[in-house]
Amino acid sequence: MKAYSRRSVLWGAAVSVLFVLSEVSFAQQTPLRSITYRLSMSRPVSHLFEVSMEVELPDDLKNQSLEFQMPKWSPGRYAVFDFAKNVQEFSAAAGICPPRGRCDMAMRPVTRVDDQTWSVAPLGSPSLTITYKVFGNDLSGTFSQLDSRHANYNGGCIFMYVVGHKPDPVKLTIDPPNGWRIVNGRMERPGQQEWQFPNWDIMIDTPTEIAPDWTQDDFQVDSKKYHVVVHSLGDEGGKRANLVRDIEKIVRAETAMWGPPEFDEYTFLIHFAADDHSGDGMEHLTSTQIIEPGVLAEQGVSDRTLDTVAHEFFHVWNVKRLRPFELGPWDFTRPANTRGLWIAEGFTNYYGHLMLRRAGLWDNARFLRREASTISGIENSRGNRLMSAEVSSLSAPFLDDAPHAQQTNLENTSISYYPKGELIGMVLDLLIRGRTKGKASLDDVMRQMYEEFYLKSENNSYYLRGRGYRIEDFQEVASRVAGFSLDDFFRLYARGVDALPYDEAFGYVGLRLTRTLSRDPFTGIALDFDSPTKLVIGNIRNNSPAEDSGLQRGDEIISVAERAVTRDNWLSTLERYKPGDKIPIKVKRDRRIIQSNLVLGRPNRFEYRIEDKKDATAEQKALFVAWMTGT
Ligand SMILES: [Zn+2]
Ligand SMILES: [Zn+2]
């Protein structure tokens with residue numbers, strides 16, 4: 001409780017010192033009398049969401065300026081996107097006009113305070129109506145889309161909050177186009193158009209789909225209702241029934257680990273976008289948004305959807321409720337800084353894959369192949385020795401799909417907390433299972449954390465039950481559950497960049513990690529996958545043959561030893577040479593053709609495999625089965 005009181009008065013920090021002082025003095029004690037949002041979309045083809053906010057003011061605020069603020073980012077995606085850039089036509093009027101009423105309301109002065117904040121002077125009026133429009137044409141868990149087919153929004157990029165009044169209860173009314181139906185994770189009845197939320201944070205945690213043609217399948221597990229809402233923008237090939245059946249298997253596997261969730265209903269909002277570029281998965285308290293770029297009929301799309309389902313549903317516990325201290329409530333004037341994303345996201349990645357195995361959708365071999373490929377990715381990456389899991393978490397605003405106008409060297413210096421955290425989670429799980437001879441596991445640690453910090457902790461903010469944890473808390477609880485100190489583990493592998501103790505971990509369950517050196521000579525060139533037709537250099541490794549030869553990112557490779565190369569024959573062309581060979585390479589840079597010589601380096605990439613140990617004991621085999629099945 002104490003920890004958040006300081007943060008809550010700092011929400012207005014970006015605005016002005018004067019404002020912060022006034023916040024301290026009254027905003028906490030005096031909530032607004034009401035805040036009502038109305039969302040309409042009268043011209044879907046314009047991609048413009050129309051928002052109005054009706055606020056009723058207590059007497060002592062009638063002559064104070066009120067500030068309306070668009071978040072800089074949205075929970076679950078840590079890059080700063082500055083949603084205010086898509087706001088237009090902000091205006092303020094005195095009074096509130098009843099729906100479909102005709103009122104002559106006097107306008108009130110609006111001052112743009114900074115990039116995300118609008119200030120309105122009520123000039124004695126007891127209520128205000130704010131209106132603005134938001135452009136949205138991205139189908140994504142972070143952004144919003146309005147077009148002739150549907151409206152799909154993430155509240156964080158649509159709804160402003162009243163500065164200092166995020167904890168206040170809010171109402172929302174949606175006015176859909178004729179024939180369009182609304183659905184989200186907080187439906188109390190079909191056809192519902194009005195909602196009440198305990199606070200703004202919960203309102204924006206409720207992504208919503210509005211369209212004429214979405215469909216819904218339902219199932220129940222532990223007397224909780226689950227809805228699978230699908231908006232298919234392409235052919236399903238008759239695969240829907242199997243998809244819903246497999247989602248139910250995942251729900252059963254994950255609730256078997258955690259116990260029944262605390263909600264009564266949960267909604268999977270799934271889009272098959274058929275646009276070959278929109279793809280996302282975003283967790284929420286009682287729903288998730290999953291967007292697949294393909295169509296369900298296509299090979300592999302169902303598999304990828306289930307992979308995302310297993311990950312996002314695990315977030316019901318890990319991150320949405322059991323959360324690092326910094327993750328809710330949030331300060332939306334600056335990016336979130338947490339050391340814990342390797343647990344929040346990385347462990348969710350690990351369990352997402354493990355749960356596909358426990359649900360029976362993957363077999364043991366597929367799970368182990370997946371983990372081995374994650375090990376290959378991490379262990380071959382240069383950033384793995386430069387950036388720890390904790391620093392990676394703190395760098396999330398730079399890494400989490402962040403756009404960079406300025407070139408960066410992040411590809412050579414960073415590591416993603418998703419795969420790194422996944423491997424830390426797997427190794428930690430196996431060390432606990434092995435050293436306790438199967439008496440404890442990471443499953444037990446996660447359950448204990450959930451109980452202590454979510455279910456049984458006193459609430460320390462208006463936002464949500466319980467309180468967030470610090471990494472030290474996780475380390476202490478994990479050590480307690482395991483029965484041995486994990487201080488060194490956290491120091492070396494989470495805060496440090498040491499190689500994980502794979503041999504000990506896999507040994508406990510009768511497995512071993514093997515690695516083989518690839519035969520490809522080392523060049524240090526990574527291709528740019530955003531350039532599908534041309535052979536463009538996307539990244540150059542530091543201290544590599546490509547760097548020595550003067551090649552640069554953005555160079556288009558034309559030929560190798562006078563032989564034209566394309567994306568298709570690039571690798572096979574290189575295979576004709578051996579380490580130490582000096583090959584002439586011709587690239588196009590700007591308007592010039594540049595000739596250079598590339599001296600191929602010795603192979604340095606390893607392929608990792610997880611294999612059965614031939615001499616595995618019965619005890620190790622039993623631990624392996626317990627790991628795979630969660631029993
Ligand atoms: Zn839709
Ligand atoms: Zn996630």
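Kindly indicate whether any position in segment 200-220 is among the aliphatic types (A, V, I, L, M), surrounded by 14 or more Cβ atoms within 10 Å (Cβ to Cβ) and within 16 Å of ligand 2 (Cβ to nearest atom). Write out each step before concluding.
The initial filter retains those residues of segment 200-220 that are among the aliphatic types (A, V, I, L, M), namely 202-204, 210-211.
Then keep just the ones that are surrounded by 14 or more Cβ atoms within 10 Å (Cβ to Cβ); that gives 202-204, 210-211.
The next check asks that each one be within 16 Å of ligand 2 (Cβ to nearest atom); those that pass are none.
Looking for residues that are among the aliphatic types (A, V, I, L, M), surrounded by 14 or more Cβ atoms within 10 Å (Cβ to Cβ) and within 16 Å of ligand 2 (Cβ to nearest atom), one finds none in segment 200-220, hence no.
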Quiz item: List the pairs whose first member sits in segment 165-182 and is closer than 21 Å to Asp201 by Cβ and touching a residue at least 40 places away in the same chain (Cβ under 8 Å), whose second member is in a loop (DSSP other than H, G, I, E, B) and open to solvent by less than 30 Å² (accessible area, probe 1.4 Å), and whose Cβ atoms are under 7 Å apart, counting only residues at least 6 apart or on separate chains?
Solution: His165/Leu32; Lys166/Asn199; Lys166/Pro329; Pro167/Asn199; Asp168/Leu32; Asp168/Asn199; Pro169/Asn199; Val170/Asn199
Practice problem: Tell me which residues, restricted to segment 302-321, are away from ligand 2 (no atom under 13 Å from the Cβ) and in contact (Cβ under 8 Å) with a residue 60 or more places away in the chain. | Solution: Ser302, Thr305, Leu306, Arg321
Quiz item: Do we find a residue being farther than 30 Å from Glu371 by Cα, surrounded by 13 or more Cβ atoms within 10 Å (Cβ to Cβ) and in contact (Cβ under 8 Å) with a residue 60 or more places away in the chain anywhere in segment 539-559?
Solution: yes
Quiz prompt | Cβ pairs under 6 Å, 6+ apart, first in segment 400-416 and closer than 29 Å to Ala499 by Cα, second of a type in the set (S, T, N, Q) | solution = Glu411/Asn539; Asn412/Asn542; Ile415/Asn384; Ile415/Ser392
Self-check item: Complete set of residues in segment 502-527 that are open to solvent by less than 30 Å² (accessible area, probe 1.4 Å) and part of a loop (DSSP other than H, G, I, E, B)
Solution: Val509, Gly510, Ser518, Pro521, Thr523, Gly524
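Identify, from the list Glu254, Glu248, Glu262, the residue that is open to solvent by 40 Å² or more (accessible area, probe 1.4 Å) and closer than 18 Å to Gly360 by Cα.
On the way: Glu254 fails: open to solvent by 40 Å² or more (accessible area, probe 1.4 Å); Glu262 fails: closer than 18 Å to Gly360 by Cα.
Going through Glu254, Glu248, Glu262 in turn, the sole match is Glu248.
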Quiz item: When you scan segment 255-278, how many residues do you find that are within 13 Å of ligand 1 (Cβ to nearest atom), among the hydrophobic types (A, V, I, L, M, F, W, C) and in a loop (DSSP other than H, G, I, E, B)?
Solution: 2
Quiz item: Mind checking whether some residue in segment 64-77 is under 23 Å from Asp147 (Cα atoms) and open to solvent by 10 Å² or more (accessible area, probe 1.4 Å)?
Solution: no
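Out of Leu285, Leu327, I need the residue that is under 14 Å from the mean Cα position of the chain (by Cα), more than 13 Å from ligand 2 (Cβ to nearest atom) and not charged (D, E, K, R). Which one? Give the steps one after another, and end with the answer.
Details: Leu327 fails: more than 13 Å from ligand 2 (Cβ to nearest atom).
Selected residue: Leu285, the only one of Leu285, Leu327 that is under 14 Å from the mean Cα position of the chain (by Cα), more than 13 Å from ligand 2 (Cβ to nearest atom) and not charged (D, E, K, R).
Rundown of residues vs (1) crowded, with 17+ Cβ neighbours inside 10 Å; (2) not charged (D, E, K, R), yes/no style:
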| site | (1), (2) |
| --- | --- |
| Arg369 | no, no |
| Asn384 | yes, yes |
| Ala389 | yes, yes |
| Ser392 | yes, yes |
| Phe398 | no, yes |
| Asp401 | no, no |
| Ala405 | no, yes |
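State all residues of segment 610-629 that are of a type in the set (Gly, Ala, Ser) and open to solvent by 40 Å² or more (accessible area, probe 1.4 Å); if no residue qualifies, say none.
Of everything in segment 610-629, those that are of a type in the set (Gly, Ala, Ser) and open to solvent by 40 Å² or more (accessible area, probe 1.4 Å) turn out to be Ala618, Ala622.
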Quiz prompt | Failed item in (1) in a loop (DSSP other than H, G, I, E, B); (2) open to solvent by 20 Å² or more (accessible area, probe 1.4 Å); (3) of a type outside the set (A, V, I, L, M), with Thr173 passing the rest | solution = (1)
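This table checks each residue for (1) under 30 Å from Glu345 (Cα atoms); (2) basic (Lys, Arg).
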residue: Arg38; (1), (2): no, yes
residue: Ser46; (1), (2): no, no
residue: Val51; (1), (2): no, no
residue: Glu54; (1), (2): no, no
residue: Asp60; (1), (2): no, no
residue: Ser65; (1), (2): no, no
residue: Met70; (1), (2): yes, no
residue: Trp73; (1), (2): yes, no
Practice problem: Considering only segment 135-170, state which residues are away from ligand 2 (no atom under 16 Å from the Cβ), of a type in the set (S, T, N, Q) and open to solvent by 10 Å² or more (accessible area, probe 1.4 Å). | Solution: Asn137, Gln145, Ser148
Quiz prompt | Close pairs (7 angstrom Cβ cut-off, 6 or more residues apart or separate chains): in contact (Cβ under 8 Å) with a residue 60 or more places away in the chain in segment 186-210, assigned to a helix (DSSP H, G or I) and away from ligand 1 (no atom under 16 Å from the Cβ) anywhere | solution = Ile204/Gly156
Exercise. Could you grab me the full set of residues in segment 479-499 that are within 26 Å of the chain's Cα centre (by Cα), of a type in the set (A, V, I, L, M) and open to solvent by less than 20 Å² (accessible area, probe 1.4 Å)?
Key: Ala494
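Among Pro126, Pro122, Pro109, which is the only one that is more than 37 Å from the chain's Cα centre (by Cα), touching a residue at least 12 places away in the same chain (Cβ under 8 Å) and farther than 15 Å from Glu54 by Cα?
Details: Pro126 fails: farther than 15 Å from Glu54 by Cα; Pro122 fails: farther than 15 Å from Glu54 by Cα.
Checking each option against the conditions leaves just Pro109.
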Self-check item: Candidate set from segment 176-199 (those that are outside any strand (DSSP E or B) and open to solvent by less than 40 Å² (accessible area, probe 1.4 Å)); member that is nearest to ligand 2 (Cβ to nearest atom)
Solution: Gly185
Quiz item: Looking at Glu607, is it surrounded by fewer than 14 Cβ atoms within 10 Å (Cβ to Cβ), in contact (Cβ under 8 Å) with a residue 24 or more places away in the chain and either farther than 21 Å from Gly538 by Cα or more than 38 Å from the chain's Cα centre (by Cα) (or both)?
Solution: no
Quiz prompt | Members of segment 287-315 that are part of a strand (DSSP E or B) and either touching an Asp or Glu at 6+ places or on another chain (Cβ under 7 Å) or polar (S, T, N, Q) (or both) | solution = Ser287, Thr288, Gln289, Ile290, Ile291
Quiz prompt | Verdict on Gly300 being surrounded by fewer than 20 Cβ atoms within 10 Å (Cβ to Cβ), farther than 20 Å from Tyr351 by Cβ and modelled with pLDDT of 95 or more | solution = yes
Quiz item: How do the pairs read when you match residues in segment 417-434 that are within 11 Å of Glu504 (Cα to Cα) with residues anywhere that are within 16 Å of ligand 2 (Cβ to nearest atom), using Cβ under 9 Å and keeping only pairs 6 or more apart or on different chains?
Solution: Leu428/Phe347
Self-check item: In segment 371-420, the residues that are of a type in the set (Lys, Arg) and more than 16 Å from ligand 2 (Cβ to nearest atom)
Solution: Arg382, Arg385
Quiz item: Does segment 220-231 include one or more residues that are without any contact (Cβ under 8 Å) to a residue 24 or more places away in the chain and either assigned to a strand (DSSP E or B) or within 16 Å of ligand 1 (Cβ to nearest atom) (or both)?
Solution: yes
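The values are calculated or read from the model by the stated rules, or taken from the named source; none is laboratory data. What you are looking at is a predicted structure, and each value in this text was computed from that prediction instead of being measured. In this analysis, Cβ positions are derived from the backbone assuming ideal geometry, glycine residues included, and neighbour counts consider all displayed protein chains. Note: areas computed on protein heavy atoms with side chains; ligands, DNA, RNA excluded. Shrake-Rupley method; radii C 1.70, N 1.55, O 1.52, S 1.80 Å.
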